[in-house]
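Colleague: Pasting in a structure now, in structure tokens, and then I'll have a few things to ask.
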Amino acid sequence: MTQDKVDVQAALQQLKISFVDKIPAKITEIQQAWLTLKKDPENAEIKQLFHRLTHTLAGTAATFKLDELAECAREIENTIQCFSTNPCEPLTITEISSLLVSLEETASNTNISPVSIDEKTEEDTAESTNKSIATASHDTAKNNLVYLVDDDEDFNHTIKMQIKTFGYQVESFTSLTKFNEALKKQEPAVVIMDVMFGNSKTAGIDYIAQLNQSRTVPLQTIFITGSHDILTRLSAVRANGFAYFTKPAMMTSLVTALDKLSFKVEESPYNILIVDDSVTKSKHAALTLQQAGMNTKEVNDPLLLLNALAEFTPDLILMDIYMPHCTGLELSQVIRQMESYVSTPIVFLSSEDDLGKKLGALSLGGDDFLTKPVKPWHLVSAVSSRALRARLVRRLAETDGLTGLLNHSKSKACLKNELARAKRENTPLSFAMIDLDFFKHVNDHYGHPAGDSVLKSIANLFKQRLRTYDIVGRYGGEEFIIILPNTDLSTAKKIVDVIRTRFSKLVHYCEQEDFRCTFSCGIASYPEFRNEKTISEEADKALYQAKEAGRNKVVCAKSVS
Amino acid sequence: MQALSRILYAEDQVDIQQVAILALETVGGFTVKTCNSGLEATVAIDDFKPQLLLFDVMMPDMDGPTAFAKIKEMPEHQNIPAIFMTAKVQSNEVQAYLDMGAIAVIAKPFDPMTLASEIKDIWQRSQQ
């Protein structure tokens with residue numbers, strides 16, 4: 001396959017992904033039109049709207065080879081045409097209603113697989129892109145098989161249960177021979193290996209070292225042991241050990257290491273805002289950056305920049321210098337005068353080759369200057385390296401040091417933005433407030449380090465179990481918030497309930513003692529509650545009710561109407 | 001015979017537009033002006049001066065066939081050929097579009113990898 005073809009395929013795949021993201025909103029629109037039409041079957045305008053919505057969904061889905069979805073929508077379109085000729089037929093109403101249910105189901109099972117069938121690319125990429133958009137966790141995305149090898153059966157059992165709560169599939173072995181047999185059948189993502197077996201103090205390490213000698217890629221191994229002398233640690237490093245923990249293993253550190261090895265915590269793609277009055281040029285830059293895995297938004301009228309900034313929260317702004325109405329230099333000064341964007345990098349794009357002017361641009365708040373025409377790889381590397389650094393800096397300012405979750409002020413800002421988006425896109429949104437139960441007791445009884453470890457483990461669980469676009473923040477001491485975009489109240493309750501159950505099963509260790517923790521949660525949703533103030537107040541009230549009702553519960557805020 | 005380069009394209013669905021632009025510009029190398037409705041196309045035609053019209057059939061704010069009929073009434077554009085794209089390829093409907101002067105009807109969904117060559121073939125046949 002030629003490079004051009006690959007590029008087109010990649011671009012098509014991008015378009016498909018962005019279409020799939022929009023499907024739930026489109027279905028909501030169709031459902032709303034249907035509700036109106038049911039009440040007022042004679043209304044020709046609504047009928048036409050409903051017809052057009054189903055027609056376009058069918059057409060677009062077919063274009064992206066989402067055949068099942070297309071067929072479902074097409075069937076509704078055909079039925080509504082019968083409805084047009086015979087509006088009062090109750091049979092048709094039932095039929096369309098049930099077709100709409102299956103449309104919604106089909107949509108929620110829609111997979112993103114490559115658009116075009118061409119040679120063997122489909123096979124090659126299917127595995128990496130075949131991610132169900134409907135599942136609320138990372139479970140299906142990657143190889144999550146872990147082999148646990150330890151001759152202590154009780155220890156194996158406890159650790160196995162614990163790691164499973166974080167979404168891993170675990171198989172445990174009490175002997176090296178059994179482990180070796182399993183290895184021949186299936187490769188795990190990570191091996192957790194005890195160091196001591198029988199009389200040998202380093203049998204586990206020696207075994208892995210020996211295995212790795214005959215492998216081109218070493219096994220990803222985490223060693224666990226009762227001793228932590230320097231010689232054993234050194235031999236673990238020489239056997240390519242990724243991490244080394246002493247028993248009783250701290251679950252949080254173990255899971256963090258597992259996550260790093262199995263890439264379970266994925267960086268979300270960079271958001272790049274492109275400001276250029278030329279549609280063609282901005283589209284070209286956008287496609288180049290999208291192919292490198294970045295999200296882009298194009299602004300072709302510089303006067304619309306402020307809206308785009310607030311909605312898109314870019315990691316970096318790519319700006320043309322010469323534009324109508326105002327220049328890129330003026331715009332960058334405007335951006336720099338806004339506190340929230342002081343550190344957002346601005347990279348200028350222009351055919352300017354006068355060094356003096358370039359330096360002038362940088363003194364006005366620009367970070368880099370690329371001279372057109374820019375080679376695609378140059379654009380990608382200039383943009384991604386700056387976006388990465390900006391993101392790290394921003395993360396320090398916006399996140400809580402202990403848990404890595406968003407801090408209070410950033411959480412609030414996110415709620416505001418997400419609510420605005422939900423209103424604009426006419427989608428639901430749920431807001432959950434979570435408070436650990438009897439946390440003061442944990443700190444008083446087990447000490448603050450144990451308390452910190454509980455906070456870290458709940459944060460880890462949230463990151464693991466939620467979707468990449470859900471937002472998690474640490475609101476205060478033991479209080480957390482979750483923003484679930486495009487999620488209604490009952491779905492949000494299900495999601496949080498799963499996390500609550502898993503968390504309550506998690507065992508925390510402290511010196512010689514182990515203990516469990518639970519949390520209570522209150523959820524309020526948009527559109528039942530329409531602004532940030534009421535939605536957080538109502539979630540807080542629901543949280544209070546959950547506490548009153550005995551804790552370890554999720555309570556939903558009820559709307560008054 | 002003149003080679004085809006400028007296409008005036010009308011389609012109301014942004015998602016389909018983007019796929020078509022990839023198919024026509026990136027794969028096919030054509031210069032494409034995209035419109036969101038038939039009405040927009042009847043306005044854009046003066047500046048763009050296309051060699052070919054590529055219209056979706058069902059669009060709000062003037063559908064493809066109506067826009068084509070309007071364009072045929074404009075003396076300076078009356079000879080520009082049109083291709084329609086539609087999901088409903090019933091033979092009587094296709095015949096109706098051909099009767100009103102369309103040179104071809106392409107079935108939706110189209111294949112983005114071959115759309116451009118299909119259009120080139122149609123163009124060559126129509127020029128003979």
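Colleague: May I ask you to say which residue of A:Ala492, A:Ala546 is touching an Asp or Glu at 6+ places or on another chain (Cβ under 9 Å), assigned to a helix (DSSP H, G or I) and small (Gly, Ala, Ser)?
Modeller: Step by step, each of A:Ala492, A:Ala546 is checked, and only A:Ala546 is touching an Asp or Glu at 6+ places or on another chain (Cβ under 9 Å), assigned to a helix (DSSP H, G or I) and small (Gly, Ala, Ser).
Colleague: When you go through (1) buried (at least 16 other Cβ atoms within 10 Å of the Cβ); (2) not in a helix (DSSP H, G or I) one by one for A:Gly401, which number turns out not to apply?
Modeller: Unmet condition: (1).
Colleague: Checking the conditions here, which among A:Arg391, A:Arg395 is closer than 28 Å to A:Ala432 by Cα and loosely packed, with under 14 Cβ neighbours inside 10 Å?
Modeller: A:Arg395
To keep it simple, each residue is scored yes or no on (1) under 29 Å from A:Phe19 (Cα atoms); (2) hydroxyl-bearing (Ser, Thr, Tyr).
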site: A:Thr288; (1), (2): yes, yes
site: A:Val299; (1), (2): yes, no
site: A:Cys326; (1), (2): no, no
site: A:Ser332; (1), (2): no, yes
site: A:Arg336; (1), (2): no, no
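Colleague: I would also like to ask the following. Working only within segment A:365-388, note down all residues that are over 16 Å from A:Leu287 (Cβ atoms) and surrounded by 16 or more Cβ atoms within 10 Å (Cβ to Cβ).
Modeller: Within segment A:365-388, A:Gly365, A:Gly366, A:Asp367, A:Asp368, A:Phe369, A:Leu370, A:Ala382, A:Arg386, A:Ala387 meet the criteria.
Colleague: Is there any pair linking a residue in segment A:64-83 that is facing chain B (nearest Cβ under 10 Å) and in contact (Cβ under 8 Å) with a residue 40 or more places away in the chain to one that is crowded, with 21+ Cβ neighbours inside 10 Å and of a type in the set (Phe, Trp, Tyr), with Cβ under 8 Å and at least six apart or on different chains, and which?
Modeller: Every condition considered, the pairs that remain are A:Phe64/A:Phe19.
Colleague: Is it the case that B:Val19 is within 11 Å of the chain's Cα centre (by Cα), within 28 Å of A:Leu66 (Cα to Cα), of a type in the set (A, V, I, L, M, F, W, C) and within 11 Å of chain A (Cβ to nearest Cβ)?
Modeller: Values: within 11 Å of the chain's Cα centre (by Cα): no; within 28 Å of A:Leu66 (Cα to Cα): yes; of a type in the set (A, V, I, L, M, F, W, C): yes; within 11 Å of chain A (Cβ to nearest Cβ): yes.
No.
Colleague: Return yes when B:Gln128 is within 13 Å of chain A (Cβ to nearest Cβ), surrounded by fewer than 18 Cβ atoms within 10 Å (Cβ to Cβ) and at pLDDT below 90 and no when it is not.
Modeller: For B:Gln128, the condition - within 13 Å of chain A (Cβ to nearest Cβ), surrounded by fewer than 18 Cβ atoms within 10 Å (Cβ to Cβ) and at pLDDT below 90 - is not met.
Colleague: Is it fair to say A:Ala58 is modelled with pLDDT under 85, within 12 Å of another protein chain (Cβ to nearest Cβ) and either over 24 Å from B:Pro112 (Cβ atoms) or surrounded by 15 or more Cβ atoms within 10 Å (Cβ to Cβ) (or both)?
Modeller: no
Colleague: Taking the criterion of being within 14 Å of chain A (Cβ to nearest Cβ), surrounded by fewer than 17 Cβ atoms within 10 Å (Cβ to Cβ) and modelled with pLDDT of 90 or more, would at least one residue in segment B:81-92 satisfy it?
Modeller: no
Colleague: Residues being without any contact (Cβ under 8 Å) to a residue 40 or more places away in the chain, of a type outside the set (A, V, I, L, M) and on the phi < 0 side of the Ramachandran plot: count how many of those fall in segment A:531-552.
Modeller: 8
Colleague: Here's a follow-up. If we scan segment A:441-449, do we find a residue that is farther than 22 Å from A:Met161 by Cβ and either touching a Gly at 6+ places or on another chain (Cβ under 9 Å) or among the acidic types (Asp, Glu) (or both)?
Modeller: Scanning segment A:441-449 turns up at least one residue that is farther than 22 Å from A:Met161 by Cβ and either touching a Gly at 6+ places or on another chain (Cβ under 9 Å) or among the acidic types (Asp, Glu) (or both).
Colleague: I'd like the residue in segment B:100-128 that is charged (D, E, K, R) and in contact with a strand residue (DSSP E or B) (Cβ under 8 Å, 6 or more places away or on another chain) and, out of all such residues, is farthest from A:Gln13 (Cα to Cα).
Modeller: B:Glu118
Colleague: Yes or no: B:Val105 without any contact (Cβ under 8 Å) to a residue 24 or more places away in the chain, touching a helix residue (DSSP H, G or I) at 6+ places or on another chain (Cβ under 8 Å) and more than 14 Å from chain A (Cβ to nearest Cβ)? Working first, answer last.
Modeller: Values: without any contact (Cβ under 8 Å) to a residue 24 or more places away in the chain: yes; touching a helix residue (DSSP H, G or I) at 6+ places or on another chain (Cβ under 8 Å): yes; more than 14 Å from chain A (Cβ to nearest Cβ): yes.
Spelling it out, B:Val105 is indeed without any contact (Cβ under 8 Å) to a residue 24 or more places away in the chain, touching a helix residue (DSSP H, G or I) at 6+ places or on another chain (Cβ under 8 Å) and more than 14 Å from chain A (Cβ to nearest Cβ).
Colleague: Can you find, within segment A:156-170, the residue that is surrounded by the most Cβ atoms within 10 Å (Cβ to Cβ) among those that are closer than 15 Å to A:Tyr509 by Cβ and within 21 Å of the chain's Cα centre (by Cα)?
Modeller: Among those that are closer than 15 Å to A:Tyr509 by Cβ and within 21 Å of the chain's Cα centre (by Cα), it is A:Ile163.
Results for (1) closer than 30 Å to A:Lys22 by Cα; (2) of a type outside the set (A, V, I, L, M, F, W, C); (3) surrounded by fewer than 23 Cβ atoms within 10 Å (Cβ to Cβ), shown as yes or no for each residue.
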site	(1), (2), (3)
A:Phe480	yes, no, no
A:Thr487	yes, yes, no
A:Thr491	yes, yes, yes
A:Lys494	yes, yes, yes
A:Asp497	yes, yes, yes
A:Arg500	yes, yes, yes
A:Tyr509	no, yes, yes
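Every residue, every condition in (1) without any contact (Cβ under 8 Å) to a residue 60 or more places away in the chain; (2) of a type outside the set (Asp, Glu); (3) more than 22 Å from A:Ala310 (Cα to Cα), yes or no:
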| position | (1), (2), (3) |
| --- | --- |
| A:Asp367 | yes, no, no |
| A:Lys372 | yes, yes, yes |
| A:Val383 | no, yes, no |
| A:Leu388 | no, yes, no |
| A:Leu396 | yes, yes, no |
| A:His408 | no, yes, no |
| A:Lys416 | no, yes, no |
| A:Ala420 | no, yes, no |
| A:Ala432 | no, yes, yes |
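Colleague: Can I ask one more? Just to be sure I understand, how many residues within segment A:262-283 are assigned to a helix (DSSP H, G or I) and either at pLDDT 85 or above or crowded, with 17+ Cβ neighbours inside 10 Å (or both)?
Modeller: Adding up the residues that qualify gives 4.
Colleague: Name the residue that is surrounded by the fewest Cβ atoms within 10 Å (Cβ to Cβ), counting only residues in segment B:22-47 that are more than 14 Å from every other protein chain (Cβ to nearest Cβ) and farther than 25 Å from B:Lys88 by Cα.
Modeller: Residue satisfying both the conditions and the ranking: B:Asp47.
Colleague: Which one of A:Val217, A:Val191 is aliphatic (A, V, I, L, M) and in a strand (DSSP E or B)?
Modeller: Selected residue: A:Val191, the only one of A:Val217, A:Val191 that is aliphatic (A, V, I, L, M) and in a strand (DSSP E or B).
Colleague: Checking B:Phe55 against (1) in a strand (DSSP E or B); (2) in contact with a Cys (Cβ under 8 Å, 6 or more places away or on another chain): exactly one of these is not met. Which one?
Modeller: Here B:Phe55 clears every test but (2).
Colleague: What are the pairs with Cβ atoms under 9 angstrom where one residue, in segment A:48-61, is at positive phi and of a type outside the set (Phe, Trp, Tyr) and the other, located anywhere, is crowded, with 24+ Cβ neighbours inside 10 Å and part of a helix (DSSP H, G or I)? Sequence gap at least six, or different chains.
Modeller: Here the result reads none, with nothing in segment A:48-61 linked to a residue that is crowded, with 24+ Cβ neighbours inside 10 Å and part of a helix (DSSP H, G or I).
The values are calculated or read from the model by the stated rules, or taken from the named source; none is laboratory data. The structure displayed is predicted, hence computed values, not measured ones. Using ideal geometry, Cβ is built from the backbone for each residue, glycine included, and neighbour counts are taken over all protein chains shown.
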